[in-house]
1. For LYS8 and ASP140, calculate 0.36 nm times their separation in residues minus their Cα-Cα distance, and state this gained length in nm to one decimal.
2. Placing unit charges on C-beta atoms (Lys and Arg positive, Asp and Glu negative, everything else neutral), compute the dipole magnitude of the chain about its Cα centre in debye, rounded to 20.
3. Expected output is a single nm value to one decimal: the length gained when fully extending between ILE65 and LEU231, i.e. 0.36 nm times separation in residues minus the C-alpha distance. What is it?
4. Please provide three numbers in whole Å: the alpha-carbon extents of segment 30-85 along the principal axes, with the largest listed first.
5. Put a dot 7 Å past each Cα toward the Cβ at LEU101 and VAL121; how far apart are the dots in nm?
6. 7 Å from Cα along Cα→Cβ at both LEU214 and GLU133: what's the point-to-point distance in nm?
7. Please check which bits of segment 58-93 a label hung off ILE35 would reach, taking the label as a point 7 Å along Cα-to-C-beta and the cut-off as backbone N under 13 Å.
8. Take the cross-link list LYS9/LYS212; LYS50/LYS198; LYS50/LYS205; LYS53/LYS221; LYS8/LYS53 and give me the ones stretching past 24 Å between alpha-carbons.
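Read-outs: derived from the displayed coordinates by stated rules, not from any lab. Just so it is clear, the model here is predicted, and its values are computed rather than measured. All Cβ positions, even for glycine, are placed from backbone atoms using ideal geometry, and neighbour counts span all protein chains on display.
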Amino acid sequence: MNNMDNTKKLANSAPLIALLIISSLLGTLPFFSLISLSVGPIIVALIYHKAGKFYTGLSFIVTTILLAVMINPIFGLTITMLTFIIGAGLIYMIAKNHGVLLNFVVLTLAIIAGYLAMTFVDITVISQISISEFLTTIVDGLKVSMVEISKLYEQAGGNISENPAIVGFQNLTVQSLLSFIPTVIAMYAILAATIIYKIAYIIFKRMGIPLKPLPGLSEIKTNMVLVLSTLLVAMLGVMLVALGVNEAEGIMHLGNNLFILSGAVGGISLISYFMKNKLK
């Protein structure tokens with residue numbers, strides 16, 4: 001009986017593993033990389049749902065090895081790490097079946113963790129430089145690009161000193177770049193989580209896997225715990241900066257921007273609700 005069960009799980013997981021490898025290979029192409037990011041983690045969650053933990057772990061090993069052979073070892077490891085870490089977020093969602101907000105936060109954190117892990121491997125293993133050297137390279141590259149943009153802007157009759165965006169890039173430092181990185185990562189993760197969540201809900205629904213859908217814009221309700229949490233993060237950043245911890249500027253900006261975002265979403269939701277239900 002146990003052998004028959006294992007055979008069934010293997011039969012269920014094998015096509016999904018093959019599909020996962022194809023999806024990961026598509027990730028090497030510019031346009032299809034977005035599709036791979038959305039579909040790959042969902043396939044991982046489906047493997048877990050149909051075959052369990054053992055075959056999910058086995059699929060990680062098989063995918064990493066095959067991608068390493070087909071392309072290169074580092075790519076095979078990094079893309080598989082990213083896919084499976086985000087997939088772990090989806091697995092948690094379908095295994096625990098919590099509310100929408102917690103599901104969304106878990107998926108967002110999984111995306112952040114996946115990209116941080118992939119970036120760390122890329123920087124330390126492929127580039128073989130430190131994170132500070134990597135950031136310095138980015139800053140230098142941006143400044144070189146801004147020189148050319150400034151020339152074009154002046155030729156078009158513009159005044160560089162009156163353009164705060166160009167001036168900001170000209171004065172960019174590693175410290176100022178670090179202050180914005182947490183916000184950029186968080187905003188990207190929120191957008192990616194929204195897309196993956198919506199696609200996952202459609203696929204899971206057709207396969208009979210329970211997952212609470214994201215609410216419509218007019219149905220979103222402000223969660224005070226979330227709002228207060230973002231405010232506390234901002235206050236923590238302000239306190240640390242006041243104590244002389246300059247690296248905490250990123251935390252301050254992150255908390256402030258998330259606080260503004262949560263308030264803006266709540267406000268837009270309220271306006272949408274009244275336009276939809278009260279102004280008919």
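1. Working: separation 132, 0.36 × 132 = 47.52 nm, distance 5.51 nm.
Result: 42.0 nm gained on full extension.
2. On the way: 15 positive and 10 negative charges, 321 e Å.
Around 1540 debye, computed over the chain.
3. On the way: separation 166, 0.36 × 166 = 59.76 nm, distance 4.43 nm.
Working it through step by step, the gained length comes to 55.3 nm.
4. On the principal axes, segment 30-85 reaches 30, 23, 15 Å in Cα extent.
5. That separation, rounded to one decimal, is 3.4 nm.
6. Going by the 7 Å Cα→Cβ label model, 3.9 nm.
7. The answer is none, because no backbone nitrogen lies closer than 13 Å to the label point.
8. Values: LYS9/LYS212 26 Å; LYS50/LYS198 21 Å; LYS50/LYS205 15 Å; LYS53/LYS221 35 Å; LYS8/LYS53 14 Å.
As for pairs spanning more than 24 Å Cα to Cα, those are LYS9/LYS212; LYS53/LYS221.
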